[in-house]
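Everything below concerns the one structure shown next.
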Amino acid sequence: MLKIRQKLFLTLLLLLSFGLLTPTFFINRSIDDEVKEEITSRLLSHANAFALFLTSNSELSLSDASDSYANATNLRITLISSNGKVLGESGLGSNEVSKMDNHLTRPEVLQANRETFGVATRYSTTLKKEFIYVALKN
């Protein structure tokens, strides 16, 4: 009789666990998607605001402009030419910027060249975490 109770208990425990874990997985995934959408929307707003900042502060060098805006917003900003050459990177001097890889083949840049903007999520091996990258075609 005890064995039947144990089997029934284990069966119910497994069913309850599955019944609770499955919705939890989908809820977490849905929340992750919503958070990424919100972050992407805010990044696009910042990118557009930075484009306006550049035009209204044309006396600043690209490096100074990216540093100034990045410091005010706590964002990382990279300015690239239409051929993918990095022109400015917040927090980096011109010597470091000149050594940076061409960004033309980055997914968000490729998408921005096809459309008006591009978005990509990828892992940064330099900073060891995932980032959302936004590119604007200007």
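Things to note:
- Filter pass, S56 being exposed (fewer than 14 other Cβ atoms within 10 Å of the Cβ), without any contact (Cβ under 8 Å) to a residue 40 or more places away in the chain and either hydroxyl-bearing (S, T, Y) or over 19 Å from F117 (Cβ atoms) (or both): yes
- Residues of the range 86-138 that turn out to be among the hydroxyl-bearing types (S, T, Y) and assigned to a loop (DSSP other than H, G, I, E, B), as a count: 5
- Flag if L54 is in contact with a Leu (Cβ under 6 Å, 6 or more places away or on another chain), modelled with pLDDT under 90 and more than 23 Å from V35 (Cα to Cα): no
- Here T73 meets the list (1) modelled with pLDDT of 90 or more; (2) of a type outside the set (F, W, Y); (3) touching a helix residue (DSSP H, G or I) at 6+ places or on another chain (Cβ under 7 Å); (4) over 23 Å from I132 (Cβ atoms) almost entirely, failing just condition (4).
- Verdict on R5 being surrounded by fewer than 10 Cβ atoms within 10 Å (Cβ to Cβ), free of Cβ contacts under 8 Å to residues at least 60 places away in the same chain and either charged (D, E, K, R) or under 30 Å from A72 (Cβ atoms) (or both): yes
- Unmet criterion (only one of (1) assigned to a helix (DSSP H, G or I); (2) under 30 Å from I77 (Cα atoms)) for L60: (1)
- Residues in the range 25-33 include none that are under 33 Å from the mean Cα position of the chain (by Cα), in contact (Cβ under 8 Å) with a residue 24 or more places away in the chain and part of a helix (DSSP H, G or I).
The values are calculated or read from the model by the stated rules, or taken from the named source; none is laboratory data. Remember, predicted model here, so these are calculated numbers, not experimental data. A quick note on method: Cβ atoms are made from the backbone with ideal geometry, for glycine too, and the neighbour counts reach across all protein chains shown.
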